[in-house]
Amino acid sequence: MFNEEFHLEQPIRWGMVGGGRGSQIGYIHRCSAQRDHLFQFVAGAFDVDAARGKEFGQNIGIAADRCYPDYKTMFAEEAKREDGIQAVSIATPNFTHYEILKAALEAGLHAVCEKPLCFTAEQAEELLALAKKNNRIVGVTYGYTGAQMIHQARRMIEEGMLGEIRIINMQFAHGYHSAAVEANDQGTKWRVNPKTAGPSYVLGDVGTHALFLAETMVPNLHIEKLLCSRQSFVKSRAPLEDNAIVLIQYDNGAIGNLWASCVNAGSTHQQKIRVVGEKASIEWWDEHPNQIVFAEQGKPVQILDRGQGYLYQDDEAITCDRMGGGHAEGLFEAWANLYRRFATAMDRVNHGEQASDVMNEMWFPNITDGAQGVRFIENCVRSADEGSVWVEYK
Ligand code: NAD
């Protein structure tokens with residue numbers, strides 16, 4: 001089980017860009033980073049509105065002189081301090097990620113960046129090269145991939161319990177934006193505008209979560225080609241899609257399908273992954289994140305529960321278990337499991353290791369995975385725009 005005695009010699013001094021008052025994702029970043037006392041939260045540029053950001057920062061306990069009007073000032077001022085930040089989380093709308101992450105890496109900071117990392121594969125390559133050059137860790141918050149049962153599934157698949165993998169069924173299809181809610185909701189407004197969201201809406205916003213969950217469960221599959229059909233059922237969202245279906249051909253002969261949607265009326269989330277092998281299947285659903293369904297052909301279906309003794313005890317799966325079985329764990333715990341890994345990786349680099357070695361040894365959603373998400377979106381958009389044809393995966 002999780003060992004809460006685990007600590008770093010010195011918690012990592014940490015700040016945030018974005019995630020201000022009323023933001024969707026700021027709070028969970030803060031809760032997860034501080035959960036295990038591995039990060040010390042000392043600074044922020046929380047809001048596009050400087051005054052509101054300063055007031056917010058002070059209200060959540062940050063010293064007034066370390067609540068900055070913007071990220072550039074924060075990076076410059078913090079660099080002058082002996083106790084300046086060593087890492088930053090970026091939780092702003094998509095169009096700002098590239099410039100803020102680039103500036104963070106240039107300032108010598110480790111980073112946690114929201115998905116999508118940037119808009120183009122070319123930008124992603126540039127960020128990858130910069131992180132490598134400056135020997136920095138970048139984590140990406142594909143939140144549920146920190147959940148215990150995802151790692152149990154990964155291990156079962158790795159050990160061949162499903163046999164050869166044939167089909168990957170991925171979906172994240174909610175219904176919250178079935179109507180044009182963006183008219184009265186700032187957090188949705190930027191998501192449906194290509195200038196602020198990038199080349200896609202739901203593929204980037206929710207589709208990449210499902211994609212990376214599947215990649216975590218089945219890491220040795222590589223996309224060979226794909227076909228994407230995308231729609232704007234709420235017409236004013238065009239050219240961005242509010243629904244997309246992607247067919248994926250993997251290089252080992254397996255096939256995948258991914259459904260990303262915000263117009264799945266009546267659905268809350270429907271984030272589900274089903275991996276089908278020649279002998280059995282595993283299914284996980286975020287509305288029941290403590291379970292996976294393991295079904296062998298011709299045998300009774302088994303529902304495996306988090307925190308039980310019959311799960312793997314000696315790997316990632318069990319170190320994610322924070323309180324044994326019986327009680328529900330969820331998104332907050334999954335995120336904290338990620339932040340714990342981010343802190344560990346950053347600390348190892350601060351003690352002289354190479355970020356690339358640490359990333360090879362430790363599992364966590366990293367900059368390469370973030371770049372893969374950007375590539376996936378780019379390939380989907382290319383396929384859809386060419387008339388929903390099969391395209392070789394670039
Ligand atoms: P939001 O619109 O609710 O909040 C954005 C926040 O960033 C606001 O506080 C805003 O004032 C601030 N901001 C905007 N520009 C800024 C700037 N230049 N400097 C400082 N602050 C700035 O958005 P959200 O829903 O919280 O999404 C933020 C990011 O998180 C997006 O990239 C989104 O894709 C991602 N996200 C990820 C998950 C996940 O599960 N990993 C879930 C939701 C959102």
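For the stretch 219-334, the carbon plus sulfur part of the accessible surface works out to 54%, probe radius 1.4 Å.
Hey, how many Å between the Cα centroid of the stretch 361-390 and the Cα centroid of the stretch 148-179? With the stretch 361-390 and the stretch 148-179 each reduced to a Cα centre, they are spaced 17 Å. The label-point distance for H351 and K132, in a model that sets each label 7 Å from Cα toward Cβ, rounds to 2.6 nm. Is the C-alpha gyration tensor of the stretch 14-79 telling us rounded, prolate or oblate? Criteria: a/c under 1.5 is rounded; beyond that, a/b larger than b/c is prolate, otherwise oblate. Note, shape of the stretch 14-79 comes out oblate.
For every other residue with a beta carbon closer than 11 angstrom to the beta carbon of Y201, add +1 if it is Lys or Arg and -1 if Asp or Glu, then tell me the sum. Could you put the intermediate results ahead of the total?
Numbers: positive: R191, R230, R237; negative: E182, D205, E241, D242.
Summing Lys/Arg as +1 and Asp/Glu as -1 gives -1.
Quotient of the Cα radius of gyration of the chain and 2.2 N^0.38 Å, N being its number of residues: 0.97. With K and R counted +1 and D and E -1, the other residues having a Cβ less than 13 Å from that of M359 yield a net charge of 0.
In the context of the full set of protein chains, the stretch 96-189 has a per residue accessible area of 38 Å² (1.4 Å probe). For the stretch 67-91, backbone nitrogen atoms closer than 15 Å to the point 7 Å from Q24 Cα along Cα-to-C-beta are found at 91. Report the FRET efficiency, 1/(1 + (r/R0)^6), for N193 and A51, where r is their Cβ-Cβ distance and R0 is 22 Å, rounded to 0.05. It comes out at approximately 0.30.
Could you calculate the FRET efficiency of Q10 with E278 from 1/(1 + (r/R0)^6), where r is the beta carbon distance between them and R0 is 45 Å, rounded to 0.05?
Values: r = 50 Å, r/R0 = 1.11.
Using R0 = 45 Å, I get an efficiency of 0.35.
If you average the C-alpha positions of the stretch 268-301 and of the stretch 49-89 separately, how far apart do those two centres end up, in angstrom? Distance between centres, Cα-based: 44 Å. The label point for E392 and the one for D185, both projected 7 Å from the Cα toward the Cβ, are 4.1 nm apart. Restriction of the chymotrypsin sites (Phe, Trp or Tyr not before Pro) in the stretch 1-54 to DSSP coil positions whose beta-carbon has at most 15 other beta-carbons within 10 angstrom yields F6. Length gained on full extension, Y310 to A328, computed as 0.36 nm times the residue gap minus the Cα-Cα distance: 4.7 nm. Multiplying the residue separation of D70 and E82 by 0.36 nm and removing their Cα-Cα distance gives an extension gain of 2.3 nm. Helical content alone sets the calculated 222 nm signal of the chain at -10000 deg cm²/dmol, taking -39,500 (n - 2.57) per DSSP H segment of four or more residues and averaging over every residue.
Annotation: cysteines of the chain without a disulfide-compatible partner (Cβ-Cβ under 4.7 angstrom) are C31, C67, C113, C118, C262, C320. Near R81, once Lys and Arg are set to +1 and Asp and Glu to -1 for all other residues with Cβ below 14 Å from its Cβ, the sum equals -2.
The values are calculated or read from the model by the stated rules, or taken from the named source; none is laboratory data. Keep in mind the model is a prediction, meaning the values are calculated, not measured. So basically every Cβ, Gly included, is an ideal-geometry build from the backbone, and we count neighbours across all protein chains shown. The accessibility values were calculated without ligands, DNA or RNA, using every heavy atom of the protein model including side chains. Shrake-Rupley method; radii C 1.70, N 1.55, O 1.52, S 1.80 Å.
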